[in-house]
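First up is the structure itself, then whatever we jot down about it.
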Amino acid sequence: MRPENHSFTHLISRSGRSVKDNDPDAVYRWTHVQGDVDYVAGVLSDLPLEAVVASALSAVETRPRCTPHGDGAVVILRGINLIEGAEPEDMISLRVWIEEDKIISVGIRPLGALDDILSMVDRNHAPVSTGDMLASIALRLVDRADPVIADLNEVLDEVEDGLDDIDIAKTRRTISDTRRVAIALRRYLFPQRDALTTLEVEAFDWISELAKGHLREAVDRLSRLCEELDMIRERCQVVQDHMLDIRAEAMNQQMLVLTVVAAFFLPISFLSGLLGINVGGMPLSQSDYGFWIICGLMVMIGVLEYVLFRKFKLF
């Protein structure tokens, strides 16, 4: 396992092999710096970089972008956080300075896409140009984002399959979490697509047609992922609307029951209230059978209401 703060440099030949210094077959130099901000700033100060470029590479907060500067460009990318226990939407930044003959990458936290590139270098199958190197990194970042977005789709599939028998509280939390992750991922993937598009269309003579093709492939795949994230957000909204409909229907049913009960007992309550007033002249007040007569009258009213309610299908 590499230390938390470390850096390395590889010289890449025309055939994609890692070669030693002063090898005439070397095409470009790849330097990677990994560590905290202070360590990164210290290493970058020893490299032949302009202050504005070094500042961009060691910034604390970054967003995906591509900023041409002279004969090169600063490219900020983001990768899915696949560290155990971390949230995928807590994306890891990768800052890159790219020129024709050198590429400098900076990472504050470990990123699996770089391990893939290092594996290619170790097997002497490294990208043959700086443009192709950046395109390869971008494609590896997309490769790792794809399964995470597929998992979000699977979660929604399971929720949609069980819409007829759902736990509203649990489903609400699931939908809320899924939508939050989708929004956070799109927040970085969408500008990342624009950053790669900017690099592709800039008039850098040293970006080969092969590298541009790979960049276009990365842009197309990012566009598809952004579209899937938009679809996930829309599906979440549809599920939320369905849950609101379920709750509204349940409340309507409860209100209907309460209304029917209130309407059923309203005449009986009115009669009992009317007969309960303490004034002279109340009928049957002196009769020994007055109570039972009133009870019988209430039963008759109840039976009549029951017949009417059944006729109007309120029961």
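Sort out the exposed loop GluC sites (Glu not before Pro) in the chain (DSSP loop, at most 16 other Cβ within 10 Å) and tell me the longest stretch that has none. Maximal segment without exposed cleavage sites: 203-315. If we count trypsin sites (Lys or Arg not before Pro) as exposed when they sit in a DSSP loop and have at most 12 other beta carbons within 10 Å, what is the longest stretch of the chain that avoids them all? By the stated rule (loop sites, at most 12 other Cβ atoms within 10 Å), 124-312.
Less than 5 angstrom separates the built amide H of L284 from none of the residues sequence-distant by 5 or more or on a different chain. Straightening the chain between L271 and H125 buys 43.1 nm, computed as 0.36 nm per residue apart minus the Cα-Cα spacing. Largest mean-square fluctuation among D194, D90, D288, in a Gaussian network model of the chain whose springs join Cα atoms under 10 Å apart, belongs to D288. Placing unit charges on each Cβ (+1 for Lys and Arg, -1 for Asp and Glu) gives the chain a dipole about its Cα centre, and among G213, Q286, F265 the Cα reaching farthest toward its positive end belongs to Q286. Looking at the chain as a GNM with Cα springs under 10 Å, which of G273, G35, G162 has the largest mean-square fluctuation? Of the options given, G273 has the highest mean-square fluctuation. Multiplying each eigenvalue of the alpha-carbon gyration tensor of the chain by 5 and taking the square root yields semi-axes of 76, 18, 15 Å, largest first, rounded to whole angstroms. Remark: the V60-Q286 segment gains 72.0 nm on full extension, using 0.36 nm per residue and subtracting the alpha carbon distance.
Using 0.36 nm per residue and subtracting the Cα-Cα separation, the extra length available between E87 and D36 on full extension is 16.3 nm.
Quick one, could you list the DSSP H helices from the chain stretching 30 Å or more along their long axis (Cα atoms) with average Kyte-Doolittle hydropathy of 0.5 or above? Span-like helices here: 290-311. Backbone phi angles across segment 67-80, fed through the Karplus curve with coefficients 6.51, -1.76 and 1.60 (θ = phi - 60°), yield HN-Hα couplings of 10, x, 8, x, 8, x, 7, 8, 10, 10, 10, 10, x, 4 Hz in residue order; Gly and Pro are listed as x.
Can you put W206, W292 in order, fewest other beta carbons within 10 Å first?
W292, W206
Put a plus charge on the Cβ of each Lys and Arg, a minus charge on the Cβ of each Asp and Glu, and nothing anywhere else: the dipole of segment 174-315 about its Cα centre is then about 520 debye. Compute the separation of the alpha-carbon centres of segment 1-40 and segment 237-271 and state it in Å as a whole number. For segment 1-40 versus segment 237-271, the Cα centre distance is 70 Å.
Since every read-out is calculated from the coordinates, none of them should be taken as a lab result. Since the model is a prediction, treat every value here as computed from it, not as a measurement. For neighbour counting, all protein chains shown are included, and Cβ atoms are generated from backbone atoms with ideal geometry for every residue, glycine included.
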